[in-house]
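The values are calculated or read from the model by the stated rules, or taken from the named source; none is laboratory data. These numbers come from a predicted model, not from an experiment. In this analysis, Cβ positions are derived from the backbone assuming ideal geometry, glycine residues included, and neighbour counts consider all displayed protein chains. Side chains are part of the model used for accessible areas, which takes the heavy atoms of the whole protein and leaves out ligands, DNA and RNA. Shrake-Rupley method; radii C 1.70, N 1.55, O 1.52, S 1.80 Å.
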Amino acid sequence: MIYIIENDKLKVKVSSMGAELQSIRRIEDDTEYLWQGDPTYWAGRATNLFPICGRLFEGKYTYDGKTYEMTLHGFAKLQEFEVIRQDTAALTLQLKENDETLGMYPFRFTLEISYVLSGEDLNITLIVHNLDDKTMYFAVGGHPGFNLPLEEGKTFEDYYIEFDEPCDAKKLCLSDTCFYLDKDEAFPLEDNRVLHLQHGLFDHDAIFLCDMASGVTLRCVDGKRSVHMSYPDMPQLGLWHKPQSDAPYVCIEPWTSYPSTDGKVDALETKQSMHTLEPRGVYRNVYTMTFR
């Protein structure tokens with residue numbers, strides 16, 4: 001089912017499947033910011049990542065001596081969420097463990113995803129409750145895609161990503177199959193802030209960064225429309241579109257964890273950069289997208 005929230009600036013649509021954003025339109029001129037899921041390039045729009053980010057080596061992991069299988073970015077994207085709160089400009093959806101999730105991830109939990117509009121801001125809050133009697137291991141992340149260009153007369157290559165402040169960003173070194181090689185390398189930015197977009201940037205799949213500023217703006221030279229994303233508690237950032245293509249979008253993906261290491265089936269208890277949550281504990285993370 002599709003739910004709508006809106007204010008005097010933005011109109012947002014959210015699906016109960018995966019609690020995934022479906023549309024973000026500016027009221028003033030009906031600009032659609034969100035990628036609309038053309039399967040020629042990528043059928044997704046704004047995947048929510050839980051309880052892992054990225055791929056698992058061989059598609060599996062171990063926990064407490066038992067082997068489990070899980071798909072790319074976890075199972076939340078394929079689960080039907082229940083709406084638990086809604087008003088004109090705010091919506092909260094919830095996923096609770098079920099027989100299917102327990103077969104992939106042996107924990108009792110709830111995952112709440114809230115969307116709240118405030119002026120030109122869309123605030124996204126992720127809340128995890130550990131309902132189990134054992135420590136829970138998980139990661140969260142976002143995967144929104146944005147249409148490019150956002151204005152007539154512009155091209156993909158007219159756009160750039162500008163970090164909120166100068167930084168010595170590092171790029172995670174990945175294998176040809178997009179697994180982490182346990183090393184990072186410098187990722188030069190113009191003036192330590194700016195990355196000019198070119199389709200060829202993604203010929204080898206996604207770019208994952210760490211040690212960078214906690215906010216970026218997607219904008220165009222002499223353009224009027226932009227997207228700013230602030231992710232203060234997401235230490236990794238992915239940038240992506242379909243490899244070796246002229247895909248007319250870019251994904252800006254704040255994550256809390258690294259991809260799995262190449263050649264290693266992870267034990268969940270020791271998987272790199274996972275959050276731990278004690279029984280009855282609550283975890284909260286907020287990131288914000290601003291549309292101008």
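Here's a check for you: in the range 139-160, which residue that is assigned to a loop (DSSP other than H, G, I, E, B) and in contact with a helix residue (DSSP H, G or I) (Cβ under 7 Å, 6 or more places away or on another chain) is most open to solvent (accessible area, probe 1.4 Å)?
Just the residues of the range 139-160 that are assigned to a loop (DSSP other than H, G, I, E, B), to begin with: 139-140, 148-155.
Still in the running and in contact with a helix residue (DSSP H, G or I) (Cβ under 7 Å, 6 or more places away or on another chain): 148-149.
On the way: Leu148: 5, Pro149: 55 Å².
Result: Pro149.
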In the range 223-273, how many are free of Cβ contacts under 8 Å to residues at least 40 places away in the same chain and over 25 Å from Asp168 (Cβ atoms)?
1
Looking at Phe138 and the list (1) closer than 21 Å to Asp64 by Cα; (2) in contact (Cβ under 8 Å) with a residue 24 or more places away in the chain; (3) out of contact with any strand residue (DSSP E or B) (no Cβ under 6 Å at 6 or more places or on another chain), which single condition is not satisfied?
(3)
Selection from the range 37-69 of residues that are under 24 Å from Gln244 (Cα atoms), polar (S, T, N, Q) and touching a Lys or Arg at 6+ places or on another chain (Cβ under 7 Å):
Thr47
When you check Lys11 against the structure, is it open to solvent by 30 Å² or more (accessible area, probe 1.4 Å), charged (D, E, K, R), touching a Lys or Arg at 6+ places or on another chain (Cβ under 6 Å) and over 30 Å from Gln244 (Cα atoms), yes or no?
yes
Of everything in the range 145-168 that's more than 19 Å from the chain's Cα centre (by Cα) and among the acidic types (Asp, Glu), which residue is farthest from Leu21 (Cα to Cα)?
Asp168
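Every residue, every condition in (1) assigned to a strand (DSSP E or B); (2) of a type in the set (S, T, N, Q); (3) within 22 Å of Ser15 (Cβ to Cβ), yes or no:
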residue	(1), (2), (3)
Gln94	yes, yes, yes
Leu102	no, no, no
Thr110	yes, yes, yes
Leu117	yes, no, yes
Leu122	yes, no, yes
Ile127	yes, no, yes
Tyr137	yes, no, no
What are the residues in the range 203-260 that are farther than 15 Å from Phe156 by Cβ, open to solvent by less than 10 Å² (accessible area, probe 1.4 Å) and among the hydroxyl-bearing types (Ser, Thr, Tyr), if any?
Tyr231, Thr256, Ser257, Ser260
Test result for Thr40, among the hydroxyl-bearing types (Ser, Thr, Tyr), open to solvent by 50 Å² or more (accessible area, probe 1.4 Å) and farther than 19 Å from Phe138 by Cβ
yes
Quick test of your reading of the structure: His129 fulfils all but one of (1) more than 30 Å from Thr261 (Cβ to Cβ); (2) surrounded by 15 or more Cβ atoms within 10 Å (Cβ to Cβ). Name the failing condition by number.
(1)
Keeping to the range 195-217, report how many residues are without any contact (Cβ under 8 Å) to a residue 40 or more places away in the chain and not in a strand (DSSP E or B).
4
Tally up the residues in the range 52-79 that are β-branched (Val, Ile, Thr) and under 20 Å from the mean Cα position of the chain (by Cα), please.
2
When only residues in the range 254-281 that are assigned to a strand (DSSP E or B) and over 23 Å from Leu122 (Cβ atoms) count, which is farthest from the chain's Cα centre (by Cα)?
Ala267
